[in-house]
Amino acid sequence: MDTIGAMEKTAENPREILERRAKEAGFDLVGVTSAEPLHEGGERLREWQNSGMAADMGYMQRPVELLSNPKKLQKSARSVVSLSVSYYPGDHPDGPGGKVARYAWGRDYHEVIKERLFELRESLENELGTKIKARAFTDAVPLLERSAAQHAGLGFFGRNSCVINNDIGSYFFIADLIVDLDLEPDEHGTGTCGKCTRCMAACPTGAIKAPGVVDARLCISYLTIENKGGIPRELRPLVGEWAFGCDICQEVCPYNKTKARKTRWPDFDPSNGAGPRLDLEDVLRIRDDEEFERRFAGTPLTRPGRSGILRNCCVVAGNMRHESAVPALVECLFEDESPIVRGHAAWALGEIGGEGEALRGALRSEGEGDVVEEIEFALVR
Ligand code: SF4
Ligand code: SF4
């Protein structure tokens, strides 16, 4: 792996052309590994799947042979180019509202990075004077992207399961270009957490079960983004202020504290997306998908959809005992079409307290068993 910018332009072999072009395309790191199966990562994935820790994430449950073999994604694959781009926008500002994980403050990285990957391929084709068969993706095709990144020398696996780079920490997206070119591979990434266990101690839900092993069923990132159902009641208080994702195990990491590199991509600027915090009262009043799309289209926040984001905002409002959100929560309780939103609004009102009349009124009109149960629980708080 080369930290782009640290190397000198020398002879023009394909590998060096790649590095120069990747730098011009704005990537922070680039490395190469062969397109052979990622056996070690595959084994780790198999264990994780078998343990049930992948929860209901269908795309992570697909056969290991598919997830860990670049040639299953592209038959002619010879090399995997692993690239990274920092999304680090700076510190999370204090203030009211539900927190958004840093990677999601700006535009949706899928679209943004894919555009640049295609540009990179095109520029390589032009310079090498040959057509390149390539598949480009970031967090979209179920290759073990982190394993490929480690093989390509971009970093090592931290105890928080992130790929950590000795020079820029772990606040970066990983993108891959599977190509039919033979490119000189890198040494595998090395580095160590040493005696540090800060992420494991700081995780509010105890989701990091062992070094590098995160139980998605407990992880706030999963619970607030991929999870389509309710957030288990016993975990809601632990979600704290997080309305979308969670950065805690990266925030406490010494590599990020000292080495995080600010993003150079304007697309990830908070002004181009949802920003660092959601206004709870405002979001809790989004009643239809059209309005939700108007507000969040083109950002990662569309992933859990309207009901997922409102569910999360209910939980944050309850945790923060956010009294000014009560009228919006009552509206959710009576008017929202999603039983999940109505149920979580009831829970939040129970946490904040003093809304027995509204809850009893909702109990009389509510027809969904799960929501009724939430209201009953809220009434005895
Ligand atoms: S993202 Fe948050 S909840 Fe998930 S493992 Fe890290 S600290 Fe724990
Ligand atoms: S916080 Fe410490 S243990 Fe966790 S990933 Fe960072 S260096 Fe490793």
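Picking from residues in segment 111-169 that are closer than 24 Å to Thr302 by Cβ and β-branched (Val, Ile, Thr), the one that is surrounded by the fewest Cβ atoms within 10 Å (Cβ to Cβ) is Val141. Would you point out which residue out of Phe172, Phe157 is within 16 Å of ligand 1 (Cβ to nearest atom) and under 16 Å from Leu38 (Cα atoms)? Answer to the check: Phe157. Restricting to segment 194-217, and then to whatever is part of a loop (DSSP other than H, G, I, E, B) and basic (Lys, Arg), can you tell me which residue is farthest from Ala54 (Cα to Cα)? Ranking the qualifying residues of segment 194-217, first place goes to Lys195.
The residue that is farthest from Val112 (Cα to Cα), counting only those in segment 251-271 that are away from ligand 1 (no atom under 16 Å from the Cβ) and among the β-branched types (Val, Ile, Thr), is Thr258. Of the residues making up segment 199-247, those that are more than 16 Å from ligand 2 (Cβ to nearest atom), farther than 22 Å from Gln61 by Cα and touching a strand residue (DSSP E or B) at 6+ places or on another chain (Cβ under 9 Å) number 5. Only residues that are within 19 Å of Leu124 (Cα to Cα), at pLDDT 85 or above and of a type in the set (A, V, I, L, M) were counted in segment 1-50, giving 8.
When the criteria are applied in full, Lys99 fails the requirement of being surrounded by fewer than 20 Cβ atoms within 10 Å (Cβ to Cβ), of a type in the set (Lys, Arg) and either not assigned by TED's automatic domain parsing to the domain that holds Val163 or not in a loop (DSSP other than H, G, I, E, B) (or both).
Among the residues making up segment 322-381, those that are assigned to a loop (DSSP other than H, G, I, E, B) and loosely packed, with under 15 Cβ neighbours inside 10 Å are Glu337, Gly353, Gly354, Gly367, Glu368, Val380, Arg381. All told, Val163 falls short of being more than 16 Å from ligand 1 (Cβ to nearest atom) and modelled with pLDDT of 95 or more. For beta carbons closer than 7 Å, sequence separation of 6+ or different chains, a first residue in segment 91-110 that is away from ligand 1 (no atom under 16 Å from the Cβ) and a second that is of a type in the set (Ser, Thr, Tyr), the qualifying pairs are Arg107/Thr299; Asp108/Thr299; Tyr109/Tyr87; Tyr109/Tyr103; Tyr109/Thr138; His110/Thr138. Based on what the data block shows, is Arg217 surrounded by fewer than 21 Cβ atoms within 10 Å (Cβ to Cβ) and over 28 Å from Asp28 (Cα atoms)? Spelling it out, Arg217 is indeed surrounded by fewer than 21 Cβ atoms within 10 Å (Cβ to Cβ) and over 28 Å from Asp28 (Cα atoms).
Somewhere in segment 114-128, is a residue acidic (Asp, Glu) and either under 22 Å from Cys253 (Cβ atoms) or in contact with a Leu (Cβ under 7 Å, 6 or more places away or on another chain) (or both)? No, the conditions are met nowhere in segment 114-128.
When segment 349-372 is examined, which residues are found to be touching a residue at least 24 places away in the same chain (Cβ under 8 Å) and of a type outside the set (Gly, Ala, Ser)? If the condition is that a residue be touching a residue at least 24 places away in the same chain (Cβ under 8 Å) and of a type outside the set (Gly, Ala, Ser), then Leu349, Glu351, Ile352, Glu355, Leu359, Glu366, Glu368, Asp370, Val371 are the ones that fit.
Remark: Tyr222 matches the filter, which requires a residue to be among the aromatic types (Phe, Trp, Tyr), over 23 Å from Pro93 (Cβ atoms) and buried (at least 20 other Cβ atoms within 10 Å of the Cβ).
The values are calculated or read from the model by the stated rules, or taken from the named source; none is laboratory data. Treat the numbers as computed from the prediction; the structure is a model and nothing was measured. When we count neighbours, we look across all protein chains shown, and the Cβ atoms used for this are built from the backbone with ideal geometry, even at glycine.
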